[in-house]
Amino acid sequence: MRARMGILLLPALLAGLAACGNEAPQQVAQQEAPAKVEVKIAQSDLGPILVDQTGRTLYAFTKDENKSSACDADCIAVWPALTAQSKVDAKDGADTNLVSRVDESSQAVYGKWPLYYYVGDQVAGDLNGQGVDDEWFAIAPDGKLVKKS
């Protein structure tokens, strides 16, 4: 009798495990490109700067022009783009008129600057990307680069 119960329960157990296994990849994909993205202003050692909804510093690349990214695949590996599935919201002092997206890539833009993270920043408030190669800078509330360190 126990053997029959075990055989009957095995398909249910396998189906439950299979269902659990299918959820993890979807959660990872959602974390990589959140449906709702916000940019806001936060105080830092550099003064007020642009950050994302979790407080991570956002950077601009001086080689970018006209809201267009000049960052290639090797560059993106170190400087991941801030992307959004839909509209990017301006909050807490960020200028709504300066926020947009690069249409073809969904990359968020502030003023004329496509926005990036730096992989060397681990937590909210880190500024490890500031001034790297004299080409990467945090962004002020007015959309200008913060060139001090």
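Only the coordinates and a few stated rules stand behind these numbers; no lab work does. Not measured: the values here are computed from a predicted model. Neighbour counts are summed over all protein chains in view; Cβ atoms, including those assigned to glycine, are modelled from backbone coordinates with ideal geometry.
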Next on the checklist: 7 Å from Cα along Cα→Cβ at both Lys87 and Lys112: what's the point-to-point distance in nm?
Outcome noted: 2.6
Checklist entry - Under a Cβ-Cβ cut-off of 9 Å, what is the net charge of the residues other than Arg56 that fall near it, where Lys and Arg count +1 and Asp and Glu count -1? => result -3
Next on the checklist: Test of understanding: extend the Cα→C-beta vector of Gln43 to 7 Å, then name every residue of region 115-149 with backbone N under 15 Å from that spot.
Outcome noted: 125
Checklist entry - When the Karplus curve 6.51 cos²θ - 1.76 cosθ + 1.60 is applied with θ = phi - 60°, which whole-Hz ³J(HN,Hα) does each residue of region 133-144 get, with x for Gly and Pro? => result 6, 6, 10, 10, 9, 5, 10, 7, x, 7, x, 8
